[in-house]
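Single-structure report; data block below.
The values are calculated or read from the model by the stated rules, or taken from the named source; none is laboratory data. Computed from a predicted model, the values in this text were never measured in an experiment. Heads up, the Cβs are rebuilt from the backbone with ideal geometry, glycines too, and the neighbour counts pull from every protein chain shown.
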Amino acid sequence: MSERALTLDLPGADLPAAGDPVITDVIAGALSSIDSALPGASAQAGGALGIEAGADQVLLILVDGLGYELIQDHLGHTPTLRRVRDDFRSIHTVVPSTTAAAITAFGTGARPGATNMVGFSVAYGGGVMNLLAMEGGPVPTEWQPTPTYFERLAAVGVSSAVISPARFAGSGLTGAALRGARHVPAESLSDRVSAALRELRAGTPVVYLYWSEIDHSGHSHGVASDAWIGQVEQFDAGLSTLLRGLPGGVRTVLTADHGMINVERDSIVDVAATPALREGVRIVAGETRAAHVHAQEGCASEVEARWREALGESAWIVSRSQMPALIGEGSGASIIGDLLVLSRGRGGVVDSRTQSASAIAMPGIHGSVTSTEMRIPVVTLS
């Protein structure tokens with residue numbers, strides 16, 4: 001359950017209250033459906049999430065980018081999910097509301113402050129490192145030391161399987177968030193459905209199925225675009241096939257890592273083209289809706305003042321001392337830097353000196369603390 005009330009004054013932000021269930025509770029609650037004595041299991045979390053006990057196995061489905069509000073707005077395209085519309089619960093993801101932070105929180109039960117998985121990218125070695133890949137960086141166990149649920153289960157002889165495309169097997173994010181589980185490569189949705197059913201029929205106690213394509217489509221084409229809706233429909237059809245083939249005794253829990261919004265291009269601010277933002281700044285990392293600002297030595301207070309004046313009501317600006325209230329205790333705040341800039345409305349902050357033109361041009365973005373980005377679904381499907 002969420003550790004404590006968030007005490008920052010961020011008017012309009014959608015943040016969990018103390019005791020509210022959050023993404024870190026999902027696996028804990030699901031495991032309790034098998035046995036509340038399993039490592040990491042929490043009957044309290046299971047109760048808060050509506051996950052009933054009495055299962056023999058657990059199937060966890062995480063749909064990247066399919067936030068609670070997006071599901072509710074597009075139920076007309078999802079007959080399988082529409083049948084359980086009254087069973088959906090809306091919970092919060094972590095801050096920042098992005099894949100590296102959220103899936104690691106999901107896989108470990110810890111917030112980004114502790115896991116160091118604090119954004120899409122971070123300042124590292126004089127440049128910017130992508131945390132999904134960690135190419136050229138430390139090994140995932142050094143960067144992210146918190147044990148995963150899967151490691152804790154393996155330590156007591158309970159096996160688990162992660163089903164996702166082969167390219168994810170050795171990624172930084174997989175090593176940070178999912179280590180301890182056996183990776184089962186499967187490319188298409190139908191391949192992943194078949195792999196999940198094989199694992200469950202073979203008796204694997206905990207199976208995790210990951211679907212990234214809806215998020216990718218949102219980034220490339222925008223939420224509610226024809227391409228995005230097509231991916232949502234494809235997933236819903238595959239989910240129907242999966243549910244029909246499940247063996248008995250499986251508790252199936254579906255969730256997401258974050259939502260997504262379509263940004264407005266004229267509301268995007270480029271640090272490289274804005275002297276008031278560029279002055280005194282060493283590097284900008286993170287992502288468009290959750291920028292990490294690293295000031296030059298001795299310039300932090302001046303940089304903060306200029307950014308607050310320049311951005312005004314278009315962003316929530318969080319100083320380093322305030323960050324633990326949002327991301328949890330640990331070294332994550334020092335990795336983010338001097339400021340965490342969370343965009344309001346449909347804007348964002350980019351830096352064309354370090355970000356590619358394609359990344360800047362993405363229509364669908366997430367990372368900030370609006371309800372559309374922060375609210376994720378949890379629903380028990382079997």
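Only helices (runs of 4 or more DSSP H) whose full extent lies in the range 92-160 are considered here, and none of them has at least 3 residues that are free of Cβ contacts under 8 Å to residues at least 12 places away in the same chain and outside the structural domain of A176 (by TED's automatic domain parsing).
Can you say whether I34 is surrounded by fewer than 24 Cβ atoms within 10 Å (Cβ to Cβ) and touching a residue at least 60 places away in the same chain (Cβ under 8 Å), as far as the supplied structure shows? Spell out the reasoning first.
Details: surrounded by fewer than 24 Cβ atoms within 10 Å (Cβ to Cβ): yes; touching a residue at least 60 places away in the same chain (Cβ under 8 Å): yes.
So I34 fits the description; yes.
Scanning the range 65-98 for residues that are surrounded by 20 or more Cβ atoms within 10 Å (Cβ to Cβ) and either of a type in the set (A, V, I, L, M) or within 16 Å of V162 (Cα to Cα) (or both) gives L66, L70, I71, L81, I91, V94, V95. Among residues of the range 185-214 being within 24 Å of the chain's Cα centre (by Cα) and of a type in the set (S, T, N, Q), the one that is farthest from Q234 (Cα to Cα) is S212. Residues in the range 13-44 that are hydroxyl-bearing (S, T, Y) and either under 18 Å from the mean Cα position of the chain (by Cα) or in a helix (DSSP H, G or I) (or both): T24, S32.
What are the residues in the range 303-347 that are in a strand (DSSP E or B) and in contact with a strand residue (DSSP E or B) (Cβ under 6 Å, 6 or more places away or on another chain), if any? The answer is A315, W316, I317, V318, L339, L340, V341, L342, S343. Out of G312, G347, G364, one residue alone is surrounded by fewer than 21 Cβ atoms within 10 Å (Cβ to Cβ), touching a helix residue (DSSP H, G or I) at 6+ places or on another chain (Cβ under 9 Å) and either within 30 Å of F88 (Cα to Cα) or free of Cβ contacts under 8 Å to residues at least 60 places away in the same chain (or both). It is G347. Residues that are out of contact with any His (no Cβ under 7 Å at 6 or more places or on another chain), without any contact (Cβ under 8 Å) to a residue 60 or more places away in the chain and under 22 Å from R182 (Cβ atoms): does the range 202-224 have at least one? Within the range 202-224 (the criterion being out of contact with any His (no Cβ under 7 Å at 6 or more places or on another chain), without any contact (Cβ under 8 Å) to a residue 60 or more places away in the chain and under 22 Å from R182 (Cβ atoms)), the answer is yes, since at least one residue qualifies. Does A53 satisfy the condition of being of a type in the set (A, V, I, L, M), surrounded by fewer than 16 Cβ atoms within 10 Å (Cβ to Cβ), touching a helix residue (DSSP H, G or I) at 6+ places or on another chain (Cβ under 9 Å) and not in a helix (DSSP H, G or I)? Against the criterion (of a type in the set (A, V, I, L, M), surrounded by fewer than 16 Cβ atoms within 10 Å (Cβ to Cβ), touching a helix residue (DSSP H, G or I) at 6+ places or on another chain (Cβ under 9 Å) and not in a helix (DSSP H, G or I)), A53 qualifies.
What is the one condition in (1) free of Cβ contacts under 8 Å to residues at least 40 places away in the same chain; (2) part of a helix (DSSP H, G or I); (3) within 17 Å of L62 (Cα to Cα) that H183 does not satisfy? So the condition that H183 fails would be (2).
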